[in-house]
1. Which of the peptides 95-101, 176-182 is most tightly packed, and how do the rest follow, judged by the mean count of other Cβ atoms within 10 Å per residue?
2. Which entries in the list LYS362/LYS473; LYS263/LYS365; LYS362/LYS396; LYS227/LYS342 go over 20 Å, if you measure between the two C-alpha atoms of each?
3. With a point put 7 Å past each Cα toward its Cβ, work out how far THR387 is from LYS92 in nm, to one decimal.
4. Residue by residue through region 177-190, what is 3J(HN,Hα) from phi via Karplus (6.51 cos²θ - 1.76 cosθ + 1.60, θ = phi - 60°)? Round to whole Hz and write x for glycine and proline.
5. So who's got an amide H within less than 5 Å of the one on GLY446, skipping anything under 5 residues away but keeping other chains? H placed 1.01 Å off N, in plane.
6. Quick check on my link table: of LYS42/LYS621; LYS173/LYS412; LYS42/LYS109; LYS344/LYS400, which ones sit more than 23 Å apart, alpha carbon to alpha carbon?
7. Under a 5 Å amide H to amide H cut-off, with H placed in plane at 1.01 Å, what residues pair with TYR393 once short-range neighbours are removed?
8. Return the sequence-ordered ³J(HN,Hα) values of region 575-581 in whole Hz as given by the Karplus equation 6.51 cos²θ - 1.76 cosθ + 1.60 applied to θ = phi - 60°, using x for Gly and Pro.
Amino acid sequence: MLYALTLAGFVFLFVTFFHFFYERLTSPANNHADELELYTNKRMDLYVSLFLSGLLFLWLYDYFPANIYSVTILVISIPTLIFSMWNIIADKISSSKLVFWWREQRDQKDWVKFGERVGLDVIVGTLMAVIFLQWLHEYPFLSNPEDASMDFAMQINQCDEGVTCSFPGKDKKRVPPNIVLLNIDDETYDKWGKPLLTPRKYLKQLIESVANDGARLIVVDVFLSQKTPTDGGLGYSDDELHLDDQELGNYLARYGQRSCGDKECPPIVLIRNSKPKNTKSDYFGVDEWPVSEMRPSFLDEIMKPSSPTSLIQWASPVFWISQFDGHLRRWWLWRPVCENGKPKFIPSVELLVASLASREDKDYKTALTELDHISSKEIDRDFVEQTSCPPTYEPKPLPKSIFLGDGNLEIKRDELRGGGVSQRIMFVMPWRGQSSRVIRVPAKFGSEDRYLTILPAYHYLKGSILSPISYIKDSVVIIGNSHYDTTDRHETPLGGMPGMLVLANGIYSLFLNGGQIESLGLKKAVAEFLLLLIFGLGVALINLASSPKIAPDWWRKRFGYWPAMFIVTGIIGGFLIFSSSRILRGGVWPWNEGGVWVDFSLPLVAIFFHHIVTRFHDLGKTVKEATTNELEAIARETDVREMATKMEKEKLVCQDELHKCKQDNTQLLLELQKSSKLRKE
């Protein structure tokens, strides 16, 4: 609720500033305005000045130290200075010939006013998108609505068993491999005796069987930091390893010298966790990452330290969790860690797998050498070359784009942090619950067919699955838990899913988007402009249709402005979500390759608020004009009454004078008669 109120307040303040800014520049200058316009201009000047002053205060607060005296001086002087300068600039612009001509055109031609509304909608939406992408994408209260919109788009694009989801326009070099999940499900967990830790002997059997069946790559999504308990009368000392741990360690120690069938063994990716710290390091919106110390594994006692080109590699399985709703949405492509007292970057599982699987020639040593060079030399050499581990690390932008594999995966020049759209995982595979049967989810990437296959681990080891090699061969195999006692379960935009499926979706996302979802670029700008134009046209048409000059009485009585506005906003909003999901998926010209997300939620909120502000401003103008007209009418009525009273008085005076004249006339006639009689006598 607090996030929603903060977001609404921010967008409303920005939209109000934009509206007053434009209205002030296109209104008559103060020296040419009447009393009402002058009063309105002063109020707009005050708001614009305070808004600009607030932005300047925030900038000064971030970059310069301040005390109570300097703050007091700034609070008094800056708004006054900005208010004076803004008045001069606004009057100069509003009194120009161009603005005067524009006001005449707008007042005389309805289509010009309609075009103005559409243009302002597109401008305010575009400004909101640019501000969000450039400066505010790390603030959760602004990014959460965009996350919710993208979640809905991913739900539209998701795949499911028996239904082939299509991602057209994908280049063959960017098609992900087949992925197999060896699922330690409820039945497997029960058959293995509900152990506290995943039995190491069964892990060894799974790895060996998968390698012999021709897997392209093996990921063990099970933490191997804890030893198998040796108590219970087995006679082990505290320094000794359990027989199962020893068996797994010995197999992995000699893995590089083994042959898997008649081929070279595939690489194995193990996950390593870190010691927890008292910080919300896994939450979105952190400016500095905690540099966690990597937890040792019992395998360290058996295996020699792995070289950068060893077939067995360690990777980080950590993702970003949204503080807003606890959903996993973003990845850490590289994570800063402390190992043996030295800082280093460890790649994520999905990055390491995608880098290896993208090489068609299967030259894994070259791929691992390139990735090690990037981790140690290109991300941040200053951090890696420190002699001791700092407590935190502030991410820096990549100095240049990084290409992995055969150059098919590009990690663009951007900040390596969890904020922003570019680090989002594009989830396409949901979790449909437990099943003891083989589950295959088909997907089509361009012209290539790929499958996500889920095999129950118990039945795979037992040999009760028909033709298991057909599933395993040339596939990336992820071994993980989904049973009812596992803690490796996460909430995602597609619902809850085990960690191994999160890794699979991360691998798909890297291939689908060529590295990252595009957050900037010409194609994104074109899509953003077109969708905002469509929304602006729809809302402006409603505004035009609700005008008393055009709208019939039945329209105004049954619908009116606001009901029609909400209906059209809902319809167009649904259309924009569907369009954004298609553009993100690909196959729509000119966004054939996909991987482009159109930020529409905040721009649409800004456009909607802009219409609210404009509507209330227009209503305020109408009320003030009506009040002024009423006062003028009252004044005219008073003048008429005074004039009528004066005329009545003059009429009475005239009547009195007329009556006197009549009396004088009568008296004169009487005197004439008397005079005539006297003459006769």
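Every number here is computed from the coordinates shown, using simple stated rules; none is lab data. Values in this document were obtained by computation on a predicted structure and should not be read as measured data. Here the Cβ is made from the backbone with ideal geometry for all residues, glycine too, and neighbour counts use every protein chain on show.
1. Working: 95-101: 12.0, 176-182: 25.4.
Per-residue mean Cβ counts within 10 Å order the peptides as 176-182, 95-101.
2. Values: LYS362/LYS473 14 Å; LYS263/LYS365 16 Å; LYS362/LYS396 32 Å; LYS227/LYS342 25 Å.
Where the Cα-Cα span goes over 20 Å, the pairs concerned are LYS362/LYS396; LYS227/LYS342.
3. That separation, rounded to one decimal, is 5.8 nm.
4. For region 177-190, the Karplus-derived couplings read x, 5, 10, 10, 9, 8, 8, 7, 8, 4, 5, 4, 4, 5 Hz, x marking Gly and Pro.
5. PHE167, GLY169, LYS170
6. Values: LYS42/LYS621 14 Å; LYS173/LYS412 18 Å; LYS42/LYS109 28 Å; LYS344/LYS400 19 Å.
Too far apart for the 23 Å limit: LYS42/LYS109.
7. HN-HN under 5 Å from TYR393: TRP289, VAL291.
8. Rounded to whole hertz, the list is 4, 5, 4, 4, 5, 5, 5.
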